[in-house]
Amino acid sequence: MFLGILLAFGSCKKSNLKAPASAFMVVNNPTIKTTSSTQGSNSSKITDIWYYVDDDFKGAFPVGGIMPVIGEGNHKITFFAGIKNNGISATRVPYDFYQPQTIYQNFEPGLTYTFSPEFNYATYAIFPAQALENFDSTLGVKYLSIGANPYYLISDPLKVYGGTGKSVFITMTDINPDAILKTTTSMYLPAGGTSVYLELNYKCNQPFNIGIIGGSSDERLVVTANESDEWNKIYVKLTDAVSTAPTYSYYDVIIKATKTVSSPEIYLDNIKLVTR
């Protein structure tokens, strides 16, 4: 009799431990849709999806990863677009300025559902016009070359971001090893921990630095962009640099490089500041 009770109890426990039925989701090719020219280019580099099921956070998965949804029936799914903060793999975050996307889906256990969400910028996102530049017009409108090394507009489809329009080319020499690009007009940026990001497409065979100048001379370099044979995108968090005392009433964006290879090549495109 005692053995029978033990067997019944064990059977009950195994039943309780049975995994609930799950469906699965895969997010491929998430994109950004800009709604006006004041938001700049629609280039993006979304590396991860942070997701909620019925308003409960379930995890973060790389784009293309398999995300479980426990339980069948209709569920509210909310996707947040994730990025590599400052281009660093170890600092992945949901990007503050991409609006989350919500869908409702009826799930059947065992099935996999594929989505390709199109994100928009959040309604609170502000794009200071002084730093918004795709370089498809003339030089010197939003960014100036400081020092002996000028920068050049190029239209070679093999070297331009996306193969159309124009991009900027920067190089340096042994005689003049430094190149500096900065905004033509200074701008107000909010301090106090308010989010401030710089977005930038680039391709280069040597490193360059990205940061800000506070006031007229307080240079604060934040990130070093490393070599990339293909066009890459980086999201540079400027929040701490702007909010660190002393703070200023105006700032400039600065991009700075010192020659480290025999024939430096730095290509830039689609620079934009985003803040609240």
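Every number in this text was worked out from the coordinates using simple rules, so none of it is lab data. Here the structure is a predicted model, which means the values were calculated and not measured. Because the Cβ atoms are built from the backbone with ideal geometry, glycine has one as well, and the counts that use them run over all protein chains shown.
So here's what we get for this one:
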| read-out | value |
| --- | --- |
| The chain, helix-only ellipticity at 222 nm - DSSP H runs n ≥ 4, -39,500 (n - 2.57), divided by all residues, nearest 500 | -2000 deg cm²/dmol |
| Restricting the range 191-257 to chymotrypsin sites (Phe, Trp or Tyr not before Pro) in coil, as DSSP defines it, with at most 15 other Cβ within 10 Å | Y250 |
| Charge dipole magnitude, Cβ of K and R +1, D and E -1 - the range 18-120, Cα centre, debye nearest 20 | 300 |
| Among [x] 46; [y] 49; [z] 32, the entry that matches percent of Cα pairs over 28 Å apart as calculated here | [x] |
| Angle between the chain longest axis and helix 2-16 axis [Cα atoms, degrees, rounded to 10] | 30 |
| Cleavage-rule hits, GluC sites (Glu not before Pro), the range 188-276, DSSP coil, Cβ neighbours within 10 Å at most 16 | E227, E265 |
| Extended-chain gain in nm, criterion 0.36 nm per residue less alpha-carbon gap, N106 and N42 | 20.0 nm |
| Over 24 Å (Cα to Cα) - which of K182/K272; K76/K237; K45/K272; K33/K58 fall in this group | K76/K237; K33/K58 |
| Estimated FRET transfer efficiency when R0 is 45 angstrom, pair D174-N28 (beta carbons, to 0.05) | 0.45 |
| GNM result for the chain, Cα springs below 10 Å: residue of D136, D48, D156 fluctuating most strongly | D156 |
